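*Asks:* Pasting a structure below so you can have a look.
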Amino acid sequence: MTLTEKILARAAGKSHVEAGDNIWVNADVLMTHDVCGPGTIGVFKREFGKTAKVWDRSRVVIIPDHYIFTADSKSNRNVDILREFVKEQELPYFYDVIDDPDGNWVYDAKKGNLLRQYGSRYAGVCHTALPQKGHTRPGEILFGTDSHTCMAGAFNEFATGIGNTDAGFVLGTGKLLIKVPETMHFRFEGEMQPGVMAKDIILHIIGEIGFDGATYRAMQFDGPGVASLSMDDRMTIANMAIEAGGKNGIFEFDARTKEYVDARCKLNDTKATYNPVERDKDEKFVYELVVDLSKLEPTVACHPDPGQRKKAKDMDVKLDRAYIGSCTGGKTSDFVEFARVLRGKKVVIDTFGVPATPEIVHDLQVTRWGDKTIWEILIDAGVRMTENAGCAACLGGPVDTFGRINQPGLKCISATNRNFPGRMGDKESQVFLASPATVAASALTGRITDPREYLS
Ligand code: SF4
């Protein structure tokens, strides 16, 4: 069996499953957020009754992150609906925007969108927050009401996005019917060259198979090249499995996975036991691709989908803005590579920076390079950095969302993960997906630029 099949078999209480089998699996964790949480709660109450209790309080994680820093009252209200449900069900894992459990969330537009407006428990973008807060464990099943839930496959677990109806059912029963996906195999060899990032690996792969090339399939990433990839790198790659239509993305378990997971479970006092899955000799794949990481170059996915692959060095596209952020591209390591290119220079187009979580804001504000923090280096370079960690303009959002593209025709290079028309705002705008290093180099020239030109 493949890694995915082994996890699904175990969660179904079976010794063996194969692609195409329909099986009932037990969920280890169900995650929802402010956009889909209210709908999921509505389905749960309608189907199980107004006084029903969730199947297991300790396995439900609720993370508001999407439409948070906006004056849109309906969006603010979504967070309050989550809080009411958490109180009623006495759920321990709710990363509220405010500290007062009896309060209401109201974004104060008068304070501006750069300075922090959240309380002490707020966790930022769900997929980045889940591992930081100790909710991702090898060998487990994570369901989330968000397509990029597949990011947690970096930790050797089966993680996939589900709709509100399925999530309402999981809330009531802890189970879900799953068709076992076929597995595609991506074997990594070699190491990335300077100026190349994990984002380039996954954009290369999606360019190879197309934005629907992995539809309802597991994408298994392994091979000797994985050893050189950090957990952040693996998260970037697993996150974008869905951009090829994948059911899930999954990495092998190794010492690096163990070190990260153990540290985070301990830090947050979450469940610390888990059972990883290892590779079998008899894995069956429907597709195989060897990726020599040393041969990859800075890569861009052009408008209008993540499969439109080109090399940055071959492009001549004038840009209007640059954006770094999201679960995919807003991690500490992403901002470090972004700042490495921008240090001591000035951007020439509007450039927005949105860390994925408050912890990342903190990292950037305390890590010093010489006499300046990374945060100060980015501000000096002309980047508009917000402390309000969250999804922000990655998916457009209400019109007052920080960094949202509100004019037709604008071209934006972005470290985010999705570029279908209208994704970051106006449906006549164009988004080019690239690594944080490529976004930084392009912000310096106002054109899509290979970051290797700026490596010292
Ligand atoms: S940052 Fe973007 S891709 Fe990630 S969860 Fe938020 S909206 Fe989705």
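We did not get these values from a lab; they are worked out from the coordinates using the rules stated. In this text the structure is predicted, and so the values were computed from the model without any measurement. Please note: Cβ atoms are built from the backbone with ideal geometry, for glycine as well, and neighbour counts cover all protein chains shown.
*Asks:* Determine how many Å³ per residue the convex hull of the Cα atoms of the chain encloses.
*Replies:* 132
*Asks:* Separate question: Given 20 °C and 1.002 mPa s, how large is the Stokes-Einstein diffusion coefficient of region 1-100 in µm²/s, with Rh as the Kirkwood radius over Cα pairs?
*Replies:* 138
*Asks:* Return the sequence-ordered ³J(HN,Hα) values of region 55-61 in whole Hz as given by the Karplus equation 6.51 cos²θ - 1.76 cosθ + 1.60 applied to θ = phi - 60°, using x for Gly and Pro.
*Replies:* Working through the residues one at a time gives 5, 7, 4, 6, 10, 9, 10 Hz.
*Asks:* Can you give the extra length, in nm with one decimal, that the chain gains between LYS281 and LYS311 once fully stretched, where that is 0.36 nm per residue apart less the Cα-Cα distance?
*Replies:* Working it through step by step, the gained length comes to 7.2 nm.
*Asks:* Obtain the nm distance between the two label points defined at GLN365 and ASP108 by a simple spin-label model: each point lies 7 Å from its Cα along the Cα-to-C-beta direction.
*Replies:* 1.6
*Asks:* Per residue of region 351-363, in order, report the coupling 6.51 cos²θ - 1.76 cosθ + 1.60 (Karplus, θ = phi - 60°) as ³J(HN,Hα) in whole Hz, putting x for Gly and Pro.
*Replies:* Taking θ as phi minus 60°, the curve returns 10, 10, x, 10, x, 6, 9, x, 4, 6, 4, 4, 3 Hz for region 351-363.
*Asks:* Enumerate the residues in region 418-456 having an amide nitrogen under 18 Å from the point lying 7 Å beyond the Cα of LYS318 toward its Cβ.
*Replies:* Once the point is set 7 Å along Cα→Cβ of LYS318, 429-432, 442-449 turn out to lie under 18 Å by backbone N, inside region 418-456.
*Asks:* Using the Kirkwood radius over C-alpha pairs as Rh, can you work out the diffusion coefficient of region 234-323 via Stokes-Einstein at 37 °C, viscosity 0.692 mPa s, in µm² per second?
*Replies:* Stokes-Einstein gives a translational diffusion coefficient of 191 µm²/s.
*Asks:* Report the equivalent ellipsoid semi-axes for region 219-377 in whole Å, largest first, defined as the square roots of five times the eigenvalues of the gyration tensor built from alpha carbon atoms.
*Replies:* They are 30, 25, 14 Å, listed largest first.
*Asks:* Return the tail of the calculated pair distribution for region 374-456, meaning the percent of Cα-Cα pairs more than 19 Å apart.
*Replies:* 42
*Asks:* So, counting K/R as plus one and D/E as minus one, what does the shell of residues with Cβ under 14 Å around ALA27 add up to?
*Replies:* +1
*Asks:* Using the Karplus equation 6.51 cos²θ - 1.76 cosθ + 1.60 (θ = phi - 60°), what ³J(HN,Hα) coupling, rounded to whole Hz, does each residue of region 221-238 give in order, writing x for Gly and Pro?
*Replies:* Values per residue, Gly and Pro as x: 10, 8, x, x, x, 5, 4, 7, 8, 6, 5, 4, 4, 5, 5, 4, 6, 5 Hz.
*Asks:* Beyond 25 Å between alpha-carbons counts as too far, so tell me which of LYS53/LYS175; LYS74/LYS175; LYS74/LYS427 fall in that bin.
*Replies:* Cα-Cα > 25 Å for LYS74/LYS175; rest within.
*Asks:* Still on this structure, I have one more. Subtract the Cα-Cα distance of GLU189 and ASN406 from 0.36 nm times their separation in residues, and report this length gain in nm to one decimal.
*Replies:* Once the chain is fully extended between GLU189 and ASN406, it gains 73.9 nm.
*Asks:* If R0 is 30 Å, what FRET efficiency do you get for LEU115 and ALA263 from their C-beta distance, rounded to 0.05?
*Replies:* It comes to 0.50.
*Asks:* Continuing with the same structure: So, in nm, how far is label LYS179 from label LYS295 when the simple model puts each one 7 Å beyond its Cα toward the Cβ?
*Replies:* Taking the simple label geometry, LYS179 and LYS295 are separated by 3.4 nm.
*Asks:* Can I ask one more? Could you state the principal axis extents of the C-alpha atoms in region 317-432, from the largest down, to the nearest angstrom?
*Replies:* Principal extents (largest minus smallest coordinate, Cα): 42, 27, 21 Å.
*Asks:* Quick one: if you stick a label point 7 Å off each Cα along the C-beta vector at GLU428 and LYS45, how many nm between them?
*Replies:* Label at GLU428, label at LYS45, 4.2 nm between them.
*Asks:* OK, next. Indicate the gyration tensor shape class of region 380-427 (rounded, prolate or oblate), computed on the Cα atoms with a ≥ b ≥ c the square roots of the eigenvalues: a/c under 1.5 is rounded; otherwise a/b larger than b/c is prolate and the rest oblate.
*Replies:* Prolate, because a/c is 1.5 or more and a/b exceeds b/c.
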